[in-house]
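Working notes for the structure below.
The values are calculated or read from the model by the stated rules, or taken from the named source; none is laboratory data. None of the values given here were measured: they were computed from a predicted structure. Cβ placement follows ideal geometry from the backbone for every residue including glycine, while neighbour counts extend to all protein chains displayed.
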Amino acid sequence: AQTVTQSQPEMSVQEAETVTLSCTYDTSENNYYLFWYKQPPSRQMILVIRQEAYKQQNATENRFSVNFQKAAKSFSLKISDSQLGDTAMYFCAFMKTLLQGGKLIFGQGTELSVKP
Amino acid sequence: DAGVIQSPRHEVTEMGQEVTLRCKPISGHNSLFWYRQTMMRGLELLIYFNNNVPIDDSGMPEDRFSAKMPNASFSTLKIQPSEPRDSAVYFCASSFGTGQGSQPQHFGDGTRLSIL
């Protein structure tokens, strides 16, 4: 069975600085997807960034980027120039292809606080 | 574009009552997922449908829970009879995928269910 581990329950960062959230996962699959979702206090689940396992290039979305290390089964999220609106719970998630099941398996989350 | 629509947003009811949660997926999406979020267990998949057919219901806690998807634009999650331990936030998500490919899941705003 697949598992996702986020070892940092809480983190804080000063506004405008950079922070990295860690995520490791366990799977025997070769083809899969990885995601970071953000859940602000409003409790919406917002997709931040996505990575396909077959792509070697790390995904980036504006201030958000990932460091995907397939062999190490590591998928960290870097937030540059942190903003107050980045304060939220961040979930790392693993998904097999739809043919193999297609459901998201979430880590326990990291609560990020951006301080002014 | 309309996102995933869930209703109600909040539900408070007494133990033993029947509860029905509703979800309208994004038009054109062919997969629909029900997740439950609690402090103790985090985010966990209850059931998911592909092309209106239930594919994996291994996460459904017990016979008190049932889910239906009568057509591509509507799904329900029913709890009968409800118990205090069912209190949680219930999310519906939808995505489009075929075979080896799959798009990210988009989440509704969730239903916060409180069973007294």
**Item:** Residue that is more than 11 Å from chain A (Cβ to nearest Cβ), exposed (fewer than 15 other Cβ atoms within 10 Å of the Cβ) and more than 22 Å from A:Phe35 (Cβ to Cβ), where the choices are B:Asn52, B:Asn71
**Value:** B:Asn71
**Message:** Could you go through the range B:13-34 and let me know if any residue there is β-branched (Val, Ile, Thr), farther than 21 Å from A:Gln39 by Cβ, in a strand (DSSP E or B) and without any contact (Cβ under 8 Å) to a residue 60 or more places away in the chain.
**Reply:** yes
**Item:** Pairs with Cβ under 7 Å, 6+ apart, first in the range B:86-112 and more than 15 Å from B:Pro25 (Cβ to Cβ), second buried (at least 20 other Cβ atoms within 10 Å of the Cβ) and at pLDDT below 95
**Value:** B:Thr98/A:Leu98; B:Gly99/A:Leu98
**Request:** For B:Ser58, work out the one condition from (1) within 14 Å of chain A (Cβ to nearest Cβ); (2) in contact (Cβ under 8 Å) with a residue 40 or more places away in the chain; (3) polar (S, T, N, Q) it doesn't fulfil.
**Result:** (2)
**Asked** Which of the residues spanning the range A:10-51 are within 11 Å of another protein chain (Cβ to nearest Cβ), farther than 13 Å from A:Glu111 by Cα and in a loop (DSSP other than H, G, I, E, B)?
**Response** A:Asn31, A:Ser42, A:Gln44, A:Met45
**Request:** Give the residue, chosen from B:Pro81, B:Pro104, B:Pro61, that is surrounded by 16 or more Cβ atoms within 10 Å (Cβ to Cβ) and part of a loop (DSSP other than H, G, I, E, B).
**Result:** B:Pro104
